[in-house]
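Before any comments, here is the structure.
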Amino acid sequence: GPAMVRPVLVLGDITTQSVDAVVNAANTSLRPGGGVDGAITRAAGPEALADRERVIAEHGTPPLPTGEAVATIAGDLDARWIIHTAGPVYPGSARDADLLASCHRSVLRVADELGAGTVAFPAISTGIFGYPVEAAAPIAIAAVREADTAVEEVRFVLFSEHHLEVFREALDAPRRPVH
Ligand code: AR6
């Protein structure tokens with residue numbers, strides 16, 4: 001299969017990244033919210049929002065099931081696409097970890113379909129959705145490393161020094177078998 005992805009970690013604002021695809025931590029309604037979603041929605045502007053409305057209208061209920069991903073145009077961002085995914089609301093169930101991993105796999109599958117080579121992820125579910133970053137970071141890192149994808153660069157854009165530190169520890173930790 002393709003080479004394994006080694007994620008890159010940066011401290012910063014995901015709305016200012018130059019990448020093919022910016023990942024949005026959305027919710028299942030796909031309606032714009034707060035947090036990184038609010039920042040991406042504002043920065044991407046009206047054309048991206050209109051494309052999002054189109055996806056909402058065309059999809060079923062919910063428009064974006066937890067763990068899945070869907071793309072829109074990126075509007076005014078320095079990117080071609082926004083790939084929206086809905087993370088689990090923590091604590092939900094014993095499936096939280098699987099759903100969070102599924103978000104990352106689904107995003108990379110959509111990126112492959114689009115031909116996106118560089119993808120910037122936020123720390124999905126670790127804000128409003130309450131997933132402790134100490135638990136989420138190893139799941140996010142492992143899901144990306146183990147993904148079968150043609151994406152060349154996965155960049156985690158962390159919004160605090162603490163998130164960066166926790167992701168750094170997950171990246172540097174000895175790898176453990178998943179099952
Ligand atoms: N760049 C990078 N990361 C950011 C930015 C930014 N500009 N702004 C916030 N973060 P959250 P969730 C970080 O709450 O937990 C929305 O209402 C933030 O510090 O944005 O998945 C959606 O519509 C945290 O580390 O997403 C959903 O309803 C991480 O991004 C709900 O929130 C994720 O925090 C999703 O909640």
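Bear in mind that the values in this text are calculations on the coordinates, not laboratory data. These figures come from a predicted structure and were not determined experimentally. Note that each Cβ is placed from the backbone with ideal geometry, even for glycine, and that neighbours are counted across all protein chains shown.
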(request) Classify the stretch 121-179 as rounded, prolate or oblate from the Cα gyration tensor: take a ≥ b ≥ c as the square roots of its eigenvalues, call it rounded if a/c is under 1.5, otherwise prolate when a/b beats b/c and oblate if not. (result) prolate
(request) Would you be so kind as to identify which of 131, 93, 65 lies farthest towards the positive end of the dipole of the chain, taking Lys and Arg as +1 and Asp and Glu as -1 on Cβ and the Cα centre as origin? (result) 93
(request) Compute the distance in nm between two label points, each set 7 Å from the Cα along the Cα-to-Cβ direction, one at residue 53 and one at residue 78. (result) 2.9
(request) Give me the percent of DSSP beta bridges within the chain that run antiparallel, rounded to the nearest 5. (result) 25
(message) Applying a 10 Å radius around every beta-carbon, put 41-52, 110-121, 18-29, 155-166 in order of their mean neighbour count, most first.
(response) 18-29, 110-121, 155-166, 41-52
(request) Please work out how much length the chain gains when fully extended from residue 16 to residue 42, using 0.36 nm per residue of separation minus the C-alpha to C-alpha distance, in nm with one decimal. (result) 8.2 nm
(request) Please say if the stretch 1-48 is rounded, prolate or oblate, where rounded means a/c under 1.5 for a ≥ b ≥ c the square roots of the C-alpha gyration tensor eigenvalues, and otherwise the choice is prolate for a/b larger than b/c and oblate otherwise? (result) prolate
(message) Nearest 500 deg cm²/dmol is fine: what mean residue ellipticity at 222 nm does the chain get from its DSSP H runs of n ≥ 4 alone, each adding -39,500 (n - 2.57), divided by its residue count?
(response) -12000 deg cm²/dmol
(request) Take the alpha carbon gyration tensor of the chain, find the square roots of its eigenvalues, order them as a ≥ b ≥ c, and report rounded if a/c is under 1.5; if not, report prolate when a/b exceeds b/c, else oblate. (result) rounded
(request) Choose one of 26, 102, 115: the residue whose Cα lies farthest towards the positive end of the charge dipole of the chain (beta-carbon charges +1 Lys, Arg; -1 Asp, Glu; about the Cα centre). (result) 102
(request) Quote the charge dipole size of the stretch 64-176 about the Cα centre in Debye, to the nearest 20; the model charges only the Cβ of Lys and Arg (+1) and of Asp and Glu (-1). (result) 200
(message) Quick one: 3J(HN,Hα) in Hz for the stretch 60-75, Karplus 6.51/-1.76/1.60 with θ = phi - 60°, rounded, Gly and Pro as x.
(response) x, 10, x, x, 9, x, 3, x, 9, 8, 8, 9, 10, 5, 9, x
(request) Using only Cα atoms, tell me the angle between helix 133-145 and the longest principal axis of the chain; keep it within 0 to 90° and round to the nearest 10. (result) 90
